[in-house]
Amino acid sequence: MKLPRFILGDNTDFKDSIFIIHTEFPRFIIDLKDDQIEWLEDVDVENEEEFTEETNTLIKEASEFYDREVQRYQTN
C-alpha cells in the first residue's frame, strides 16, 4: 500500500489538538497545537545541526500540508 507522506488526524480525547502524521523516515506525529513531536522510531543523530535543520523543515512542511488541507475543505 502506498501511503501519503502526511496524514491529518484528530481525536475527541484531545479536543484542542490537530495531529499530522509523517509516514516516511523519520516517522513522527506532530501536535500542531504546540508543535510537540512524538518520534515513532529511534533516530540516530550523527550531526545534531543537520538533524535540527531537517526537523525544522519537516515541521514547516507539515504546517503547509495542514494549511493546504484546511483550504481544500473550506472550498468544497
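Loop only per DSSP, at most 16 neighbouring Cβ atoms within 10 Å: give me the chymotrypsin sites (Phe, Trp or Tyr not before Pro) in segment 1-53, ordered by residue number. Counting only loop positions with at most 16 other Cβ atoms within 10 Å, the chymotrypsin sites (Phe, Trp or Tyr not before Pro) in segment 1-53 are 14. Ligands, DNA and RNA left out, the 1.4 Å accessible surface of the chain is 46% carbon and sulfur atoms. Note on the chain: helix-only mean residue ellipticity at 222 nm, from DSSP H runs of 4+ residues weighted -39500 (n - 2.57) and normalised by residue number, equals -13000 deg cm²/dmol. When you filter the GluC sites (Glu not before Pro) in the chain for DSSP loop state and at most 15 other Cβ atoms inside 10 Å of their Cβ, you are left with 24, 41, 46. For the chain, the per residue solvent-accessible surface stands at 80 Å², with DNA, RNA and ligands left out and a 1.4 Å probe. Relative to the longest principal axis of the Cα atoms of the chain, the long axis of helix 48-75 makes an angle of roughly 10 degrees.
Counting only trypsin sites (Lys or Arg not before Pro) that DSSP places in a loop and that have at most 14 other Cβ atoms within 10 Å, the longest clean stretch of the chain runs over 34-76. For Cα extents along the principal axes in Å, the candidate list reads (1) 44, 27, 25; (2) 32, 20, 18; (3) 31, 25, 17; the entry that matches the value derived from this model is (1). If R0 equals 25 Å, the separation of the Cβ atoms of residue 63 and residue 41 corresponds to a calculated FRET efficiency of about 0.70.
The values are calculated or read from the model by the stated rules, or taken from the named source; none is laboratory data. The structure displayed is predicted, hence computed values, not measured ones. Ideal geometry is used to build each Cβ from the backbone, glycine not excepted, and the neighbour counts take in all protein chains shown. For accessibility, only protein heavy atoms count, side chains too; no ligands or nucleic acids. Shrake-Rupley method; radii C 1.70, N 1.55, O 1.52, S 1.80 Å.
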